[in-house]
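Novice: Structure in structure tokens, see below.
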Amino acid sequence: MEHLTVRANGAAFHVAQTGSGRPLLLLHGWPEFWLSWEPVMTRLADRFTLYAPDLRGFGASDKPDGPHGPDQHAADMLALIDALGLERAGIVGHDVGGGLMQPLARAAPGRIAGLFFFDFVYPGIGPRMAEPDRLNNIWYQSFNQLEIAPKLVGATRENCRAYIGYFLKHWTHRKQAFDEVIEAFTDNFMKAGNLAGGFAYYRAAHSARIKMLKGEAPPATPIELPTCVRWAEHDPLFPYAWTDRLGETFADLDLAMFPDVGHFPHREDPDRAASEIAAFFERVGWH
């Protein structure tokens, strides 16, 4: 595994790189950073060149000056693709990564061979996310926007470990998925700026989220790129039933349930995750 520092869009990005073959860009969610992808990367390195950046605000990448949402992250990643010298790449994303892949795909479809998603937010979820019996699942999206949030969570290492560890455990179905890396995740989010840097996504995404929850999100032109979605069977945050409107956002959609995992399929079952990713991009094919 090589660790690169790549300048793009006015910032320095940390990128983990391994393997050889056609390029895949792996985009993490919250509360994650590049390390979340390591088990999948080691399993795909014989077939693809894998690039796993820390998004701006996360890991060892530069931090944003203020709110930094899907559109800003998409601009960062398009500039990163340029800086890495990639003409076309396959894009794989989860959670926040899946959120930014949608404006990225609309901005630069010619640079993308295909889109592979694990569980993420898309407009078709709509008001369901805020139904009364769901409120206990989305409270963090409001808390993470508060100015006091990084001070509270980062007050001690124990606080940070408890907060980050709660989501990594609560959102999984296979509860041991992050046990061996929980200290590394805690170390990461205790680094200067990383809690606030991750929270900046929620501050930037808030207005669009409110429109979605009100059912007022404007209709968007469907994305035409080949798209594969493997959605967890047991995601407590984003239930599989919410995949019912994916076809409105993605015109060329291959959707299937990913069995026996929670919100983090790539970490809970990396063997199957790697197999699904490889099968899709081998089917799509590009030069």
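Novice: For Met129, which of the numbered conditions (1) open to solvent by less than 30 Å² (accessible area, probe 1.4 Å); (2) within 26 Å of Leu25 (Cβ to Cβ); (3) of a type outside the set (Gly, Ala, Ser); (4) modelled with pLDDT under 95 fails to hold?
Specialist: (2)
Novice: Taking the residues in the stretch 256-265 that are of a type in the set (A, V, I, L, M, F, W, C) and under 17 Å from Val121 (Cα atoms) as candidates, determine which candidate is surrounded by the fewest Cβ atoms within 10 Å (Cβ to Cβ). Before the answer, list the steps.
Specialist: Kept after step one, since they are of a type in the set (A, V, I, L, M, F, W, C), are these residues of the stretch 256-265: 256-258, 261, 264.
Okay, now just the ones that are also under 17 Å from Val121 (Cα atoms), so 256-258, 264.
Numbers: Ala256: 11, Met257: 14, Phe258: 23, Phe264: 27.
The residue in question is Ala256.
Novice: Here's a follow-up. Leu253 versus (1) more than 18 Å from Ala130 (Cα to Cα); (2) buried (at least 17 other Cβ atoms within 10 Å of the Cβ); (3) in contact (Cβ under 8 Å) with a residue 60 or more places away in the chain: which is the lone unmet condition?
Specialist: (3)
Novice: Another question about this same structure. Out of all the residues in the stretch 37-55, is one or more over 20 Å from Phe281 (Cα atoms) and either open to solvent by 30 Å² or more (accessible area, probe 1.4 Å) or not in a loop (DSSP other than H, G, I, E, B) (or both)?
Specialist: First, the residues of the stretch 37-55 that are over 20 Å from Phe281 (Cα atoms): 54-55.
Within this subset, residues satisfying the condition of being either open to solvent by 30 Å² or more (accessible area, probe 1.4 Å) or not in a loop (DSSP other than H, G, I, E, B) (or both) are none.
Taking every residue of the stretch 37-55 in turn, none turns out to be over 20 Å from Phe281 (Cα atoms) and either open to solvent by 30 Å² or more (accessible area, probe 1.4 Å) or not in a loop (DSSP other than H, G, I, E, B) (or both).
Novice: Turning to a different aspect of this structure: Please go through the stretch 86-139 and give me each residue that is among the acidic types (Asp, Glu) and without any contact (Cβ under 8 Å) to a residue 40 or more places away in the chain, ordered by number. Reasoning before the result, please.
Specialist: Start the filter on the stretch 86-139 by keeping residues that are among the acidic types (Asp, Glu), which leaves 87, 95, 119, 131, 133.
Answer for the stretch 86-139, where residues must be among the acidic types (Asp, Glu) and without any contact (Cβ under 8 Å) to a residue 40 or more places away in the chain: Glu87, Glu131, Asp133.
Novice: Among the residues of the stretch 65-73, is there at least one that is part of a loop (DSSP other than H, G, I, E, B), closer than 22 Å to Asn188 by Cβ, out of contact with any Asp or Glu (no Cβ under 9 Å at 6 or more places or on another chain) and open to solvent by less than 30 Å² (accessible area, probe 1.4 Å)?
Specialist: Looking only at the stretch 65-73, we keep the residues that are part of a loop (DSSP other than H, G, I, E, B), and these are 65-69.
Within this subset, residues satisfying the condition of being closer than 22 Å to Asn188 by Cβ are 65-69.
Then keep just the ones that are out of contact with any Asp or Glu (no Cβ under 9 Å at 6 or more places or on another chain); that gives 65-67, 69.
In the following step, the residues that additionally are open to solvent by less than 30 Å² (accessible area, probe 1.4 Å) were identified as 66, 69.
Yes, the stretch 65-73 contains a residue that is part of a loop (DSSP other than H, G, I, E, B), closer than 22 Å to Asn188 by Cβ, out of contact with any Asp or Glu (no Cβ under 9 Å at 6 or more places or on another chain) and open to solvent by less than 30 Å² (accessible area, probe 1.4 Å).
Novice: Quick test for you: out of Thr186, Thr156, pick the one residue that is over 20 Å from Asp260 (Cβ atoms), without any contact (Cβ under 8 Å) to a residue 24 or more places away in the chain, open to solvent by less than 70 Å² (accessible area, probe 1.4 Å) and among the β-branched types (Val, Ile, Thr). If you could, list the steps in order and put the result at the bottom.
Specialist: Values: Thr186 fails: without any contact (Cβ under 8 Å) to a residue 24 or more places away in the chain.
So the residue among Thr186, Thr156 that is over 20 Å from Asp260 (Cβ atoms), without any contact (Cβ under 8 Å) to a residue 24 or more places away in the chain, open to solvent by less than 70 Å² (accessible area, probe 1.4 Å) and among the β-branched types (Val, Ile, Thr) is Thr156.
Novice: Can you list the helices (runs of 4 or more DSSP H) found entirely within the stretch 91-199 that contain at least 3 residues being farther than 19 Å from Glu38 by Cβ? Before the answer, list the steps.
Specialist: On the way: elements: 96-107, 135-143, 149-153, 157-170, 182-190.
Correct list: 96-107, 135-143, 149-153, 157-170.
The values are calculated or read from the model by the stated rules, or taken from the named source; none is laboratory data. Not measured: the values here are computed from a predicted model. All Cβ positions, even for glycine, are placed from backbone atoms using ideal geometry, and neighbour counts span all protein chains on display. Just so you know, the surface numbers come from the protein's heavy atoms only, side chains and all, with ligands and any DNA or RNA stripped out. Shrake-Rupley method; radii C 1.70, N 1.55, O 1.52, S 1.80 Å.
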